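Taking it in order: structure first as structure tokens, then the write-up.
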Amino acid sequence: AQSVSQHNHHVILSEAASLELGCNYSYGGTVNLFWYVQYPGQHLQLLLKYFSGDPLVKGIKGFEAEFIKSKFSFNLRKPSVQWSDTAEYFCAVNAQGTDKLIFGTGTRLQVFP
Amino acid sequence: SAVISQKPSRDICQRGTSLTIQCQVDSQVTMMFWYRQQPGQSLTLIATANQGSEATYESGFVIDKFPISRPNLTFSTLTVSNMSPEDSSIYLCSAGEPNRGSSEQYFGPGTRLTVT
């Protein structure tokens with residue numbers, strides 16, 4: 001069965017610090033990968049996605065993620081966080097050819113000015 | 001991207017009663033889904049709402065407890081039946097379009113349900 005692990009449950013950073021959130025999945029076949037973000041009081045929004053091609057994908061608001069197939073990982077990065085990045089971040093996976101999304105447990109990011 | 005609304009946004013219900021949650025999409029979409037997010041946990045797919053046929057339920061979820069309707073390509077309802085406190089959760093609707101063998105999904109704001 002597919003599963004997604006997010007290692008960091010709660011991350012606290014100061015503004016301008018660099019961010020890397022880990023995401024690992026377990027599935028032997030071809031996958032599509034997503035990062036979603038949920039800002040306080042708002043609904044889930046798609047941050048970025050990987051379907052195929054360049055394993056380094058860029059999303060909105062300066063975020064990027066790198067798909068490393070050999071490590072079954074899709075870590076999210078941002079070189080310099082802002083207070084407005086305070087949110088919950090979810091990694092999600094689905095097997096190509098299916099519509100079912102499997103979510104990780106989420107990482108709560110707090111950025112202090 | 002699709003814009004999704006849900007009603008109600010929150011409710012407090014008594015044990016043994018039922019609540020129907022509505023999900024409206026601003027455009028026709030192929031796929032609609034219902035998720036549950038229990039306190040402190042991640043999103044779990046309840047079912048795929050199929051237009052014109054019965055919903056497809058995930059393991060651990062049954063039609064008698066979570067009946068779903070999808071009368072057209074923009075609307076779906078989820079009913080939480082015979083509620084117990086364990087059903088207290090956020091219920092989310094999402095919509096997706098097949099894209100290169102996958103479905104990119106957009107989410108509604110959720111319905112926060114508390115069962116007393």
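Bear in mind that the values in this text are calculations on the coordinates, not laboratory data. Note that the structure is a prediction, hence the values are computed from the model and not measured. Here the Cβ is made from the backbone with ideal geometry for all residues, glycine too, and neighbour counts use every protein chain on show.
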(request) Could you calculate the contour length gain from B:LEU73 to B:THR44, that is, 0.36 nm times the residue separation minus the distance between their Cα atoms, to one decimal place in nm? (result) 8.2 nm
(message) Only counting other Cβ atoms within 10 Å, I'd like B:ARG70, B:ARG10, A:ARG108 sorted with the fewest neighbours first.
(response) B:ARG10, A:ARG108, B:ARG70
(request) Sketch the reach of a paramagnetic label on B:LYS7 as a point 7 Å from Cα along Cα-to-Cβ, and name the residues of the range B:13-47 whose backbone nitrogen lies under 19 Å away. (result) B:13, B:18-28
(message) How far apart, in nanometres, would the label points at A:GLU20 and A:PHE112 be if each is projected 7 angstrom from Cα along the Cα-to-Cβ direction?
(response) 2.4 nm
(request) For the range A:55-65, take each phi angle, set θ = phi - 60°, evaluate the Karplus expression 6.51 cos²θ - 1.76 cosθ + 1.60, and give the result in whole Hz per residue in order, putting x for glycine and proline. (result) x, 9, 10, 10, x, 6, 6, x, 7, 9, 9
(message) For a quick check: sort A:LEU44, B:LEU92 by the number of other beta carbons within 10 angstrom, fewest at the front.
(response) A:LEU44, B:LEU92
(request) List every residue whose amide H lies under 5 Å from the amide H of A:ALA17, counting only residues 5 or more places away in sequence or on a different chain, with H placed 1.01 Å from N in the peptide plane. (result) A:VAL81
(request) Just grab the label-to-label distance for A:LYS71 and B:ARG112, each label 7 Å out from Cα along the Cβ direction, in nm (one decimal). (result) 3.7 nm
(message) Residue by residue through the range B:22-32, what is 3J(HN,Hα) from phi via Karplus (6.51 cos²θ - 1.76 cosθ + 1.60, θ = phi - 60°)? Round to whole Hz and write x for glycine and proline.
(response) 9, 10, 10, 10, 7, 8, 5, 10, 6, 10, 9
(request) Name the lysines eligible as straight-distance cross-link partners of A:LYS69: C-alpha to C-alpha under 26 Å, and not fewer than 8 places from it in the same chain. (result) A:LYS49, A:LYS58, A:LYS61, A:LYS78, A:LYS100
(request) Take A:SER5, project a point 7 Å from its Cα along the Cβ direction, then tell me which residues of the range A:93-113 have their backbone nitrogen under 16 Å from it. (result) A:93, A:103-107
(request) Place a +1 charge on the Cβ of each Lys and Arg in chain A and a -1 charge on the Cβ of each Asp and Glu, then give the dipole magnitude about the Cα centre in debye, rounded to the nearest 20. (result) 140 debye
(request) Taking H placed 1.01 Å from N in the peptide plane, check which residues at least 5 places from A:GLN96 or on another chain put their amide H under 5 Å from its amide H. (result) A:THR30, A:VAL31, A:ASN32
(message) Charges at C-beta only: +1 for Lys and Arg, -1 for Asp and Glu. How large is the resulting dipole of chain B about its Cα centre, in Debye rounded to 20?
(response) 200 debye
(request) Calculate one ³J(HN,Hα) per residue across the range B:105-113 by plugging θ = phi - 60° into the Karplus curve 6.51 cos²θ - 1.76 cosθ + 1.60, and present them in order as whole Hz with x for glycine and proline. (result) 10, 10, 10, x, x, x, 10, 8, 10
(request) Could you compute the FRET efficiency for B:GLU86 and A:THR105, with r as their C-beta to C-beta distance and R0 at 25 Å, rounded to 0.05? (result) 0.85
